[in-house]
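The values are calculated or read from the model by the stated rules, or taken from the named source; none is laboratory data. Keep in mind the model is a prediction, meaning the values are calculated, not measured. Cβ placement follows ideal geometry from the backbone for every residue including glycine, while neighbour counts extend to all protein chains displayed. Protein only, heavy atoms only, side chains kept; ligands, DNA and RNA dropped before computing areas. Shrake-Rupley method; radii C 1.70, N 1.55, O 1.52, S 1.80 Å.
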Amino acid sequence: MDEFRILGGEPLHGIVKVGGAKNSALPLMAASILTDQPIRLEHVPRLADVDTLSLLLAGLGVESVRGTDGALQMQTVDETPIRAARELVRQMRASFCVLGPLLARRGRAIVPLPGGCNIGPRPVDLHLKGLAALGAELDVVDGDVVARAADLRGAAIDLGGPGGSTVTGTANVLCAAVLARGETILRQAAREPEIADLGHCLNAMGARIAGLGTSTLRITGVGELHGTSYRVIPDRIEAATLAMAAAITRGSVTLDGVIPEHFGIVIDRLRETGCNVEVAPHRLRVAADCRLKPVEIVAEPYPGIPTDVQAQWIALLSLAKGRSTVRDRVFPGRFQHVPELNRLGADVAMAGETALVHGVARLHGRRVTASDLRASAALVLAGLAAEGETIVDEIHHLDRGYEKLDDKLRSLGAAIRRTATAPSQMTNAYHRTVTPTCGP
Ligand code: EPU
């Protein structure tokens, strides 16, 4: 298992290219089930989660290969498999996104429930409610969702839940509705750019979806979809994480290949902390030269502050001058990073579901353990600013969602290297891991 060793204190400087969005690429890959024609996806990041989904799709009769140009070429070669491999679904929650496409194209699907995870309960009731409204029969048998649909029919469906809408639930229902007979109206659909991206790709495949980017999607079902070539949007979470890396080290970094509007609220908050942010088409420069001001952060569905940068905000604000508050309305218990940040010298206390972040003058490097993908990113940010050496172990979490983050940070001047965890430390890391992971 790998770990990162970071010698903190180097301000980051330079230009860095942001990769394709993981949370777009995964549902887009699952959507390749909807046609037997080739789908070519450009800008798919090279991530552990992409490899896991490729493996799952291979078991479902979909071949995927990286072309010499880096694009992911996908094609369904066998439409008979309907059962998603349990061990792979358990590893990665996003693999539940195969349910809607399987049901719509093959009329049957058996997909294991993805279960809970390190960031809190992850129910799928809204996915099932939406598919049932389209006419699917759904049962849960021995932990598997067993779904059948001789004929999907359009319906009016409300996807609102206690935490807002559901991102992958919207993806599942949208993928089923595009091949359903008649019109479907999805209310309280997720407005996240990754869902609009999926919708644009489905339209390029011949679907008829209106309202993309809004919370009401109108879908007119079509008989068949065809192949396409499509470019995945830039990863707004990677972009925001790198912007915060610039801010926490009091550096100056230009992000290249971004869509700044996709994380506009993060940019606004960075400015409130005192960062200088210059926005240009597809580029963003973030610079900070003094101690940041505290701010209030509430993670909410898009266009709010993404829950996927909530942990990174706590790392950043732990060095601000004064008290900040951080809440997460999407995953109210997603605060596993707090004790580890405190081990680095941060002063963060939980008051119910609010993190009270008392800014400290400095953090001190030591060994910390990542509990999930975004918690790992927060620990890396803290390590970049801490005095001395920070060792972040369990880096496999980070590799699921950040492509070569260490290389990118090193290109900006960070003293970060990847090493294999020593066997004695692996034992410690193992004992401090909370539960088996089931990530994004
Ligand atoms: N929810 C329900 N019922 C459902 C589904 C969700 O009540 O059937 C609740 C959840 O408990 C939560 C809220 O709705 O309170 C939002 O969950 P959502 O379904 O939107 O999350 P998701 O689709 O499982 C995706 C991302 C996550 C990201 C969330 C929120 C992918 C592959 N994953 O998960 O990404 O945190 O949306 O934006 O798109 C990550 O990248 O680190 C990650 C965890």
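Summary value for the range 336-407: 30 percent relative contact order, contacts being C-alpha pairs under 8 angstrom separated by 6+ residues. Of the beta bridges DSSP finds with both residues in the range 22-231, what % are antiparallel, to the nearest 5? Antiparallel bridges make up about 75 percent of those DSSP assigns within the range 22-231. Please give the net charge around Asp78, taking every other residue with its beta carbon less than 10 angstrom from that of Asp78, where Lys and Arg add +1 and Asp and Glu add -1. Local net charge: -3.
Using R₀ = 25 Å, calculate the FRET efficiency as 1/(1 + (r/R₀)^6) where r is the Cβ-Cβ separation of Glu63 and Arg86; round to 0.05.
Values: r = 21 Å, r/R0 = 0.85.
It comes out at approximately 0.70.
On the beta carbon distance between Arg153 and Val77, with R0 = 25 Å, the FRET formula returns roughly 0.30. Under the simplified labelling scheme, the Lys404-His364 pair shows an inter-label distance of 3.7 nm, with each label point 7 Å from Cα along Cα→Cβ. Over the chain, accessible surface divided per residue gives 37 Å², non-protein components excluded, 1.4 Å probe.
With contributions of -39500 (n - 2.57) from each DSSP H run of at least four residues, the per-residue ellipticity at 222 nm computed over the chain stands at -9000 deg cm²/dmol.
Under the 0.36 nm per residue contour assumption, what length would be gained going from the current alpha-carbon distance of Asp142 and His282 to full extension?
The span from Asp142 to His282 would gain 45.6 nm if fully extended.
Once the chain from Lys293 to His226 is taken as fully extended at 0.36 nm per residue, the excess over their C-alpha distance is 19.0 nm. Only protein heavy atoms count here; on that basis, with a 1.4 Å probe, Asp268 has an accessible area of about 80 Å². For the chain, the antiparallel share of DSSP beta bridges with both residues in that region comes to about 70%. Helix 373-385 and the longest principal axis of the C-alpha atoms of the chain enclose an angle of approximately 20°.
In the chain, a dipole from Cβ-located charges (positive for Lys and Arg, negative for Asp and Glu) runs towards its positive end, and of Ser376, Ala85, Leu363 it is Leu363 whose Cα lies farthest in that direction.
Here the contact order of the chain, divided by its residue count and restricted to Cα pairs under 8 Å and six or more residues apart, works out to 21 percent.
Projected area of the chain, taken from the Cα convex hull and averaged over every viewing direction, in nm²?
The number I arrive at for the chain is 19.0 nm².
Sparse packing (at most 15 other Cβ atoms within 10 Å of the Cβ) combined with a DSSP loop state is found for the following trypsin sites (Lys or Arg not before Pro) in the range 24-86: Arg46. Ligands, DNA and RNA aside, Phe335 has an accessible area near 20 Å² when probed at 1.4 Å. Within the range 121-160, name every residue whose backbone N is under 17 Å away from a label modeled 7 Å from Cα of Arg218 along the Cβ vector. Residues 154-158 fall inside that zone. His13 exposes around 100 Å² of accessible area when a 1.4 Å probe is run over every protein chain in place.
Working note: Karplus 6.51/-1.76/1.60 with θ = phi - 60° gives the range 148-156 the couplings 9, 7, 5, 7, 7, 10, x, 7, 8 Hz, where Gly and Pro are set to x.
Here the contact order of the range 260-330, divided by its residue count and restricted to Cα pairs under 8 Å and six or more residues apart, works out to 30 percent. Going by accessible surface with a 1.4 Å probe and the largest first, Cys201, Cys290 read Cys290, Cys201. Quick check on the range 248-342: of the DSSP beta bridges with both residues there, what percent are antiparallel, nearest 5%? Bridges in the range 248-342 are about 65 percent antiparallel.
With R₀ set to 41 Å, the beta-carbon distance separating Lys321 from Arg187 gives a calculated FRET efficiency near 0.40.
By the scheme Lys and Arg +1, Asp and Glu -1, what is the net charge of all other residues having a beta-carbon under 11 Å from that of Glu278? Net local charge, Glu278 excluded: +3. Inverting the pair-averaged 1/r between distinct Cα atoms of the range 22-231 gives 16.6 Å as its Kirkwood hydrodynamic radius.
Our coupling estimate for the range 41-46, obtained by passing each phi through the Karplus curve with A = 6.51, B = -1.76, C = 1.60 and θ = phi - 60°, is 10, 8, 6, 7, x, 8 Hz, Gly and Pro reported as x.
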